[in-house]
Ligand SMILES: C[S@@+](CC[C@H](N)C(=O)[O-])C[C@H]1O[C@@H](n2cnc3c(N)ncnc32)[C@H](O)[C@@H]1O
């Protein structure tokens, strides 16, 4: 990743990945749909902006982040090959495309980093 990126971490859980990202100097927003997990992570008083949110309803503005960093959360969505699951994956991908920077006239477009065990 380039220096001082704006990073979004979907489905952060209680992983310390986001804190490591923030310690590297990036601005990090991390979210999970489990409010209890987010409360616990907020108690850590780190530089990470932890929020409750749904991967299928990315509520941030268009072009908000330079990097979307997914570790294991895409895997959690891909539970089977059913139509509903495919629809959810589609919603998630649409959300990523929306919040990731892709303005053609800037020198820093967005990137999606996926760490998966699938
Ligand atoms: C396999 S865990 C990965 C956790 C973390 N990213 C890590 O690196 O350990 C998947 C996480 O995604 C979260 N999750 C699953 N579906 C979600 C959704 N629709 N919106 C937000 N978070 C979700 C779960 O609560 C869980 O914390």
Fill in the blank from the handout: From fewest to most C-beta neighbours within 10 Å, the residues 59, 102, 26 line up as 59, 102, 26
Practice task
Obtain the nm distance between the two label points defined at residue 61 and residue 16 by a simple spin-label model: each point lies 7 Å from its Cα along the Cα-to-C-beta direction.
Solution key: 3.4
Practice task
Post the alpha-carbon centroid distance, the stretch 60-76 to the stretch 15-36, in whole angstrom.
Solution key: 11
Practice task
Over the alpha-carbon set of the chain, divide Rg by the Kirkwood Rh and report the Rg/Rh ratio to two decimals.
Solution key: 0.96
Handout entry: Expected 222 nm ellipticity per residue - DSSP helices of 4 or more, -39500 (n - 2.57), all of the chain, to 500
Key = -9000 deg cm²/dmol
Fill in the blank from the handout: quick note, the stretch 6-115, DSSP beta bridge pairs, % antiparallel (nearest 5) is 5
Completion exercise
Assertion target for 57, 42, ordered by fewest C-beta neighbours within 10 angstrom first, is 57, 42
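FYI, it's all coordinate maths here, none of it is from the lab. Please read all numbers here as calculations on a predicted model, not as lab measurements. All Cβ positions, glycine included, derive from the backbone under ideal geometry; neighbour counts span all protein chains shown.
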